[in-house]
Structure formats: structure tokens, C-alpha cells
Amino acid sequence: MEYEIVHVIDVTARDDKDYALTTYYNEASPINAVGSVQALTRNNGSTRSRTFLGANFQLNAMWLSLKGNLWVVDDQGDVFTNASINFKQPPFERLKFNSGSFDIKWNVTEIFKGQLNAIWGTTDEDVWVTSFAGPAFHWGGQSWSKYTLPKAPNAIDGSASDDVYVVGYDGNIHHFNGNEWTKINLPSGIPQQDAFTDVKVLSRGKVFITGRSGCLLVGNANDGFTDIGSAKYSWYGVGAIDERIFLAGGEQGIFELIDGQFVCLKDKGQPVGVFETPNAINFIPAEQQPNPWFVRYEPGASREWTKVNT
């Protein structure tokens, strides 16, 4: 079936293979979107795309474990993984999925009646999933545990099993210390209803959080946060390579934080997402027609900036 809109919304990678999370829909019925994970193989400057996972509902986020197992969440409360796990709960009854031409066993479970929108973990036995309605879910290797959080989270990241952050709308920043989730107080001057769009945890002591208001919070749960941002911008995502901080600035372009200043690297592409892969950082453009693509920055490569067509 042909769709009017085909967009890459997430990117991860292992070795020389990229995985691009892709959504497909028609403008008249975006709620009927479907999704796939495309395995992208790079060879001499060209990219070959093959379906690694296809589903009849939208796929919203993915995470790649250190063992190379992929974890994916969808709009109907399902979690997919190719890790060797036997989930007790079956998937959503109307879910249909496949592994394309790959010989892969996807283990799938329904953990919630509603949209799941972010996922992160430390190992295949320690995985966090957030839902748009609020509740967060933790996979501990044998079963899922449910935690109460505010609705509309946007991103999750951490440095360890006892150092995890979730950020979202209505000024919500929450931290998990290994036992419980607590809300983080905002620095003075930050709108209490700000929409926090992304979080990057470099270490226990250094965390970056972006906001639509232009704020860029730096700090940690124990010592608090300071805003080093600017109302001139609106940030959609943050990522890092070797502690170099990069930001998606929407219509204003791609930025790097250098000596406390926001330096524009590219003023095109309208980036609305930032995702890290080995030795590179990837920016998701708002508009990708007629074919899905993203921008990769790979410092030190013979060609540092590339447009990756999927």
C-alpha cells in the first residue's frame, strides 16, 4: 500500500547497520498510521533499506541494548524485542507484525491500553517505557512494574538503573533514584508550564534538558539545574558526541553549544529530533517528502555531513 506521508522518526545503529524507525500515513487519516523499522546497510556511499519489523499500528520509539537487541514500542501499548525473552502477556489482539525478509523471532507483549512513546534501558533486564497517558513501566527481567507519572512525557534517558530522567509537558521533570520517582524543581524564570522536549544524561553529575521556551537546563537531580538557554530559540532535541552538545532548533537549524554560545552549524532542514549512533549524531527533519531521510554528522569522516536516504 502506498502512503502520502513517509517519515523517519528515530534512528539507532550497531556496527555498520543503521535502524530507522519509520511512520506511514495519509494526510486525511493520520490516526491510522502504520510503522516499520528499516535496517539500513551502508556501502560505498549508498544505503540499502530492508524491513526489519513491520506493524499495522504506528511505532513510536526504539532502543538498542548493549547486546544488540532492539526494543520498540507502539501506539497500542505493545513492546517488541528480538531479545530472548518470554513475555507472559500476549500482544494487543488486533496487532499484526512481521520481520520482512529477516529470520527474526519478535517477542511482543501488551503492557498498557494506550500509546507508548519512549523507551530506554541499561540492559535487556532493565528497561523503562513511558506512556502518553502517564504511567511508566519497568521491565526487571521477569515481569513489568507500573509507576505513576504525569501524562505527556516526551523523552527518557539515564546513566544507570538508579539514575533515570523523564521529561515532558507542563513543566514536568522526574528522576528515578532506584527506588522512587520524584519531581525536580525548576530553576527560577522557567515557565511552570514549559514543554520539555528532550533529555541527555552525560553522567550522574551532568544532564541537559531542552525546552520549547528556549531553555537549556544543565545540572542533576541532587544539585539542581541552571538555565543556560535563550528565548531566541526553541529546542526540540539534544544529543552528544564525546561531550560535544548538539541541539535541534527546528526552523532555525542545527546548533552546537560551544563555550556557552549557541553556534549554528546548519540553518536548513528544520531538525526536530536528535539521535546518537556510534561516532555520529543524526538529525530528523520536520519535512521529508517525497522520500524519508535524515542528516548525519560524523566528525572526522571523509565527508562529515551526509544526507541519508532511507
Calculate, in nm to one decimal, what residue 203 and residue 179 gain on full extension: separation in residues at 0.36 nm each, minus their alpha carbon distance. 6.7 nm
Under the Karplus relation 6.51 cos²θ - 1.76 cosθ + 1.60, θ = phi - 60°, what is the ordered set of whole-Hz ³J(HN,Hα) values for the range 132-140, x standing for Gly and Pro? 5, 6, x, x, 10, 10, 10, 8, x
A correct Karplus calculation of ³J(HN,Hα) over the range 205-210, with 6.51 cos²θ - 1.76 cosθ + 1.60, θ = phi - 60°, whole Hz and x for Gly and Pro, returns x, 9, 10, 10, 10, 9
Loop-only trypsin sites (Lys or Arg not before Pro) in the range 145-194, please: DSSP not H, G, I, E or B, and at most 15 other Cβ atoms within 10 Å. 151
Could you list which residues have their amide H under 5 Å from that of residue 286, counting only those 5 or more apart in sequence or on another chain, with H placed in the peptide plane? 272
Report the residue, chosen from 237, 273, 260, that carries the largest GNM mean-square fluctuation when the chain is represented by alpha-carbon nodes joined by springs under 10 Å. 260
Packing-based ranking, highest mean first, of 35-42, 75-82, 105-112 given that Cβ atoms within 10 Å are counted: 75-82, 35-42, 105-112
Would you work out the relative contact order for the chain, in percent, from Cα pairs under 8 angstrom that are 6 or more residues apart? 11
Quick one: 3J(HN,Hα) in Hz for the range 79-87, Karplus 6.51/-1.76/1.60 with θ = phi - 60°, rounded, Gly and Pro as x. 10, 10, 8, 9, 5, 6, 10, 10, 6
Mean accessible area per residue over the chain (1.4 angstrom probe, all protein chains present, square angstrom) is 47
Just to be sure I understand the model, the point goes 7 Å from the Cα along the line to the Cβ. What's the resulting residue 279 to residue 305 distance in nm? 2.1
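Take the Cβ-Cβ distance between residue 84 and residue 226 as r, set R0 to 45 Å, and report the resulting FRET efficiency rounded to the nearest 0.05. Please list the in-between numbers first.
Numbers: r = 44 Å, r/R0 = 0.97.
The computed FRET efficiency comes out at 0.55.
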The chain: most fluctuating residue of 198, 157, 126 per GNM, C-alpha cutoff 10 Å: 126
Report, in listed order, any pair from 67/113; 151/268; 67/151; 151/266; 67/105 with a Cα-Cα distance greater than 23 Å. 67/113; 151/268; 67/151; 151/266
Between residue 152 and residue 265, take the C-beta separation as r, use R0 = 35 Å, and let me know the FRET efficiency to the nearest 0.05. 0.70
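Just flag the trypsin sites (Lys or Arg not before Pro) in the range 247-310 sitting in loop per DSSP whose Cβ has no more than 16 other Cβ atoms within 10 Å.
Passing sites in the range 247-310 are 268, 303.
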Computed on Cα atoms only, the convex hull of the range 55-170 has an orientation-averaged projected area in nm² of 7.0
Surface share of carbon and sulfur [accessible, 1.4 angstrom probe, percent] for the chain: 44
Taking amide H positions as placed 1.01 Å from N in the peptide plane, with prolines and chain starts having none, which residues 5 or more places from residue 131, or on another chain, fall under 5 Å of its amide H? 117
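Multiply the residue gap between residue 101 and residue 160 by 0.36 nm, knock off their C-alpha separation, and tell me the result in nm, one decimal place.
17.7 nm
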Under the 0.36 nm per residue contour assumption, what length would be gained going from the current alpha-carbon distance of residue 286 and residue 56 to full extension? 80.5 nm
Long-range amide H contacts for residue 13: which residues qualify at under 5 Å (H placed 1.01 Å from N, peptide plane, sequence gap of 5 or more or a different chain)? 19
GNM, the chain, Cα, under 10 Å: largest mean-square fluctuation among 287, 298, 243? 243
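The values are calculated or read from the model by the stated rules, or taken from the named source; none is laboratory data. These numbers come from a predicted model, not from an experiment. Note: ideal-geometry Cβ built from the backbone for every residue, glycine included; neighbour counts use all protein chains shown. For accessibility, only protein heavy atoms count, side chains too; no ligands or nucleic acids. Shrake-Rupley method; radii C 1.70, N 1.55, O 1.52, S 1.80 Å.
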